[in-house]
Amino acid sequence: MYPLIRKLAEEGRLNEVQSQIVEPRGAVELYDIKADPYEVHNLRGSPAHEEVRGRLRRRLRAWIDRTDDQGQKPDSAKVKEYFREYGRRSAKQRTERIKRLRRAVRNSDRQYLEWLAP
């Protein structure tokens, strides 16, 4: 579905609201979900909502501190290496699975042809 939406956007065939799907979003989003349940109008830059943004920012900072959330800290070299190796293993496993499937299909096709024309 997303490739179709991107294509329609490139062709200029989306309206203003629809085109928001493919536009980059900022790091901060703030919506009045009662007045705007589909979250179309981002209020992050609205002076009228500055106090709300500040209050939410403080609550988020307190939560990060209270839970010792690690998302704000850079990953250690050990964590980075783990995910690099995980990616390599996953790619190798997918490649091996595809090769096994191809062999199975070739064997199946060969057996069918042998059965068909003895």
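The values are calculated or read from the model by the stated rules, or taken from the named source; none is laboratory data. Because the structure is predicted, anything quoted here is derived from the model rather than measured. No Cβ is skipped: glycine too gets one built from the backbone with ideal geometry, and neighbour counts run over all protein chains shown.
Some observations on this one:
- Residue 105 satisfies every condition listed in (1) part of a helix (DSSP H, G or I); (2) surrounded by fewer than 10 Cβ atoms within 10 Å (Cβ to Cβ); (3) modelled with pLDDT under 90 except (2).
- A search for C-beta distances below 6 Å between a residue of the range 18-32 that is surrounded by 14 or more Cβ atoms within 10 Å (Cβ to Cβ) and any residue that is in a loop (DSSP other than H, G, I, E, B), counting only pairs 6+ apart in sequence or on different chains, returns 30/43; 30/44; 31/39.
Residue-by-condition table, conditions (1) free of Cβ contacts under 8 Å to residues at least 40 places away in the same chain; (2) loosely packed, with under 10 Cβ neighbours inside 10 Å; (3) of a type in the set (Lys, Arg):
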residue: 66; (1), (2), (3): yes, yes, yes
residue: 71; (1), (2), (3): yes, yes, no
residue: 79; (1), (2), (3): yes, no, no
residue: 83; (1), (2), (3): yes, no, no
residue: 87; (1), (2), (3): yes, no, no
residue: 90; (1), (2), (3): yes, no, no
residue: 97; (1), (2), (3): yes, no, yes
residue: 113; (1), (2), (3): yes, yes, no
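- Residue ID - surrounded by the most Cβ atoms within 10 Å (Cβ to Cβ), chosen from residues in the range 33-47 that are farther than 20 Å from residue 9 by Cα and of a type in the set (A, V, I, L, M, F, W, C): 43
- Filtering the range 14-28 to residues that are aliphatic (A, V, I, L, M) and within 15 Å of the chain's Cα centre (by Cα) leaves 21, 22, 27.
- Residue 43 meets the conditions (1) out of contact with any helix residue (DSSP H, G or I) (no Cβ under 9 Å at 6 or more places or on another chain); (2) hydrophobic (A, V, I, L, M, F, W, C); (3) in a loop (DSSP other than H, G, I, E, B) in every case but one. The failed one is (1).
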